[in-house]
Every structure is written in C-alpha cells, then in structure tokens.
Amino acid sequence: MIVKTILAAKGGTVVTIEPTATLAEATQLLSRHRIGAVVVTGAGQRIVGIVSERDIVRALAEHGAGALQRPLTDVMTRKVVTCGHAETISGIMERMTGGKFRHLPVVEDDRLVGIISIGDVVKVRLEEMEQEQNALRDYIQTA
C-alpha cells in the first residue's frame, strides 16, 4: 500500500499554524483538534517546521511555564522530514522508526497535501495483516 491510499481514506486536511504564533496557541490548537503535531507554514503554505507534543515537553523542561509565551520559531523542529504520495507504507514505517518521529507531512509539487501519523500506518498495517490472515484461512478451508 502507498501513502496516496491512506490519504484517500482519511483526507488531506492538515492543521497548520504560522511561525509567529506562540507555543500556547499551538497547544490550544493541538487540543482542539485532538492531534499530536501541527505543521508550521510560512508564505505560500511552505513548510518551515513542525511542533509535536515531544517539542512541547522539551520546551517546558528547558524553559518552564515561560516557554508557552515563546514563538514557535524558538521551539519547533525545523528539519521536517516529508514524504510523497507514491511512497510505500513499509518505507514510511522505516523512516518513522529510524527518525523517532510520529508525524510525516505529505508533499507533492512543493505543496502540503496531507499528513500521515504512526497511528495511520499502524491501522493500515493491521488491516493488511487481517486480510492476509483471512486469505490464508480461506485457502486452508478450501484445500
């Protein structure tokens, strides 16, 4: 299975925020949308960073409650790893595991078109395993 298939099922809506927003604003956005990361976009919806729950914890540990008033440019992850529509789920799993991150923005033609979470990947993988199990069960019963 490929990324495009996941996005077709879940949709391409991505919650974004401007880099001038504060960490407090980002936490409110994450809570409101019940998500674990928000993509930080600049002019032309170009990805300039990403803020995850992990970034928030790190900022709070480093700066205390005052971190909430800092601009996202102070706390966001700047080197954002992205993927394309045609990438495979197994490839995405390897990159997420190797990079120790849980959210992967999807970019096509320099445009943000979606985001894949580890939860999306696990869900698809479990569905694939269930289909394989059912196919084997059917094969054994007809043999």
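Only the coordinates and a few stated rules stand behind these numbers; no lab work does. Note that the structure is predicted; figures quoted are calculated from it, not measured. We place every Cβ from the backbone using ideal geometry, glycine too, and count neighbours over all the protein chains shown.
Rounded to the nearest Å, what's the spacing between the alpha carbon centres of region 96-143 and region 1-20? Just the number, please. If you average the Cα positions of each part, the centres end up 14 Å apart.
Among 57, 113, 80, the residue with the largest mean-square fluctuation in a Gaussian network model of the chain, with springs joining Cα atoms closer than 10 Å, is 57. Would you mind classifying region 44-92 by shape? Square roots of the alpha carbon gyration tensor eigenvalues, ordered a ≥ b ≥ c; an a/c under 1.5 is rounded, otherwise it is prolate if a/b is larger than b/c and oblate if not. Oblate, since a/c reaches 1.5 and b/c is not below a/b. Here the Karplus curve 6.51 cos²θ - 1.76 cosθ + 1.60, taken at θ = phi - 60°, turns the phi angles of region 80-97 into couplings of 8, 7, 10, 9, x, 4, 8, 6, 7, 5, 5, x, 5, 4, 4, 5, 5, 5 Hz, with x standing for Gly and Pro.
Mean sequence separation of contacting Cα pairs (under 8 Å, at least six apart), scaled by the length of the chain, corresponds to a relative contact order of 26 percent.
Fully extending the segment from residue 131 to residue 94, taken as 0.36 nm per residue of separation minus the present Cα-Cα distance, adds 11.1 nm. Rounded to the nearest 10 degrees, the inclination of helix 53-63 to the longest alpha-carbon principal axis of the chain is 30 degrees.
Read through the labelled values (1) 40, 29, 27; (2) 67, 33, 27; (3) 36, 34, 29 and report the label of the one computed as Cα extents along the principal axes in Å from the structure. Calculated Cα extents along the principal axes in Å: the matching label is (2). Each Lys and Arg contributes +1 and each Asp and Glu -1, all at the Cβ; summed about the Cα centre of the chain, the dipole is approximately 320 debye.
So if R0 is 30 Å, what FRET efficiency would residue 60 and residue 113 give, r being the distance between their Cβ atoms, rounded to the nearest 0.05? After rounding, the FRET efficiency stands at 0.40.
Using a Gaussian network model of the chain in which every pair of alpha carbons under 10 angstrom is joined by a spring, one finds that among 67, 43, 86 the greatest mean-square fluctuation is at 43.
Between 61, 82, 33, the Cα set farthest toward the positive side of the dipole of region 23-143 (charges on each charged residue's Cβ, about the Cα centre) is that of 61. The lysine pair tally for the chain, using Cα distances under 20 Å and a gap of 8 or more places or different chains, is 4. Between 109, 55, 120, the GNM of the chain built on Cα springs shorter than 10 angstrom shows 109 fluctuating the most. Karplus-based coupling profile of region 121-131, in residue order and whole Hz: 5, 4, 4, 5, 5, 5, 4, 4, 5, 5, 5, with θ = phi - 60° in 6.51 cos²θ - 1.76 cosθ + 1.60 and x standing for Gly or Pro. For residue 142 and residue 10, a Förster radius of 25 Å and the Cβ-Cβ distance give a FRET efficiency of 0.15, rounded to the nearest 0.05.
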